[in-house]
1. Counting other Cβ atoms within 10 Å of each Cβ, which GluC sites (Glu not before Pro) in the range A:167-251 have at most 13 and sit in a DSSP loop?
2. Which far-off residues, 5 or more places away or on another chain, put their amide H under 5 Å from the one on A:VAL204, with H placed in the peptide plane?
3. Looking only at the range A:194-248, where both bridge partners belong to it, what percent of the DSSP beta bridges are antiparallel (to the nearest 5)?
4. Within the range A:171-213, find all residues whose amide N lies under 11 Å from a label point positioned 7 Å from the Cα of A:ASP304 along Cα-to-beta-carbon.
5. Roughly how many debye, to the nearest 20, is the charge dipole of the range A:267-344 about its Cα centre, given +1 on each Lys and Arg Cβ, -1 on each Asp and Glu Cβ, and no other charges?
6. Given a Förster distance of 51 Å, report the FRET efficiency between A:LEU198 and B:ALA113 from their Cβ-Cβ distance, rounded to the nearest 0.05.
7. Check which residues have an amide H placed less than 5 Å from A:GLN252's amide H, if you skip close sequence neighbours.
8. For the residues A:TYR290, B:TYR132, what sequence is obtained by ranking on other C-beta atoms within 10 Å, fewest first?
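Laboratory data are not the source of any read-out in this text; all were calculated from the coordinates shown. Note that the coordinates shown come from a computational prediction; the quantities given were computed from them, not determined experimentally. FYI the Cβ positions are ideal-geometry reconstructions off the backbone, even for glycines, and counts take in every protein chain you see.
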Amino acid sequence: MNDQDEQPREDRDIVDRAVDALRAEPIADGPPPRLSAATVELLRAARSNRPQMGLLRIAALLLIASCLAGVIALGVRERHRLQARGNERPAPAAPAPGSRLPRLANTDAPTHTLVFSTDTQPRVRPVLATLGSAVAVTGHVYFRGDIPPHPARMDPSGSLGEYDHPHDQSIVVNDDGTLQNVVVSISGGLRAGEPFPLPPGPVVLNQHNCTFVPHVVAAMTGQEVIVRNLDPMLHSVHAMDAEETPAFNFAQPADGQRMIAPFQSVKTFKVKCDIHPWMTAWVRVFNHPYFDVTHDDGTFAIKDLPPGTYTIKAWHEVFGVQEKQITVTGGEPAVIDFTFDPRQ
Amino acid sequence: MVDWDGIVSRDGPAVWRTVYRLLGNRADAEDCFQETFLAAVQVWRREAVQYPHALLQRLATARALDRLRRRYRTAGREAGTVEWEDLSTGERPPGDLAESAELSERLRDALCALPAKQAQAFCLFYLDGWDYQQIADHLEATVNAVGVLLHRARHRLRELLANTVREEL
């Protein structure tokens, strides 16, 4: 391009003139911006995730494989123990697709949708969870009762195509009768005034395929919460507490993510997208780290709870609350199950 | 272990220059700056990266072009409005500056109309000063293919820029 620089301006190729004009534009003064806290968090996480090459990688894979084999063997043994325990009580009723679910007093929705897991393989996840030495309390949450038929599409127009998520996630019952999205937490027995450690990492709530994923999340006061939009369309994040006081409300551009200021008080928020009204989620905030949300196998695991007697609470957005007492000895994890039955 | 702090402090300024030059405003450039590093994390998780600087430059160019396309799709050509204050405080005559600003904005607009690979090759070669071999390595193409990409990009840009001038006349 140097020879062209000598030509009169008007005679030069318009592409070269445009490139020169763009290159000559001043860049904003000052250093580049700082990376956001969310980006820094991801960079930190990525440090340990970089693929390792060569012998080191192979050695790591072998180590993981041998650990997994041991864990699965222990898991199967533990599962048998739990199953033997389970035989002492009536087995959870098998879901009956097509039957009706009674309307419940503590919900504002006239009907509810059940989403069935298609996974029919026995799982060892609850047992895997209990194998960590830090797990203090574990168990299942079950559902009993009649299940209504599968719903129509959530978006009546069907205009969203593949993003039209067909399921309401307010009641998600697995094939084995266990219930997802139940928040299990310690509600009594903790020493007052004791500072508790923050759980590691931020809580992440995704907007994916026009659905909040996960449907229910729990966080500790002071813990970072990140909301990510993984869809190529605009969403909003509108949170209201139990009194329907808006906690925050912001637009979430396509492929965007935003960190919410850490929660400062114990609350329960219902989160929705104002653009796609079927998109809802729940965020429960505690002032301690002893909580979990039941997974896709209906299990939960509360870790690092000191020995003592506690009240443990299970909360479901439709079925309400149950409380039980539990004693943690500091040795074997305490096992406790909950059953939600709308007929009772 | 990846020394992200070192990478950000060493390569951050170059990434910033690239995204700012292509986008032309601070707000978009700041968002794109974050996106570039987030995209780099994704690549790092998939594969070992030999030349972080080059990867970041390529990602910065690609992300900035994506954002530019979105901007022109949603806002039309008003995005490039030039303020009088911006023109009246330089060493060059305001007429020259106005013409340069107009040309820059037309080029941004025209780049959005190019196929992604052509636009990327064009920016890496003409704006970031990469050579054919570097571009070929990063776009997974041959050196000859890069030459073809650049030739087609120039040809198409010439048409687009000339058309814009004609429309305005």
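1. Sites meeting the loop and neighbour criteria: A:GLU243, A:GLU244.
2. A:ILE226
3. Numbers: 5 of 10 bridges.
Taking every DSSP beta bridge within the range A:194-248, about 50 percent pair in antiparallel fashion.
4. Taking a point 7 Å out along Cα→Cβ of A:ASP304, the residues of the range A:171-213 whose backbone N falls under 11 Å are A:196-201.
5. In debye, rounded to 20, the range A:267-344 gives about 360.
6. Once the sixth-power term is evaluated, E becomes 0.55.
7. Amide H neighbours of A:GLN252, under 5 Å, 5+ apart: A:HIS235, A:SER236, A:VAL237.
8. B:TYR132, A:TYR290
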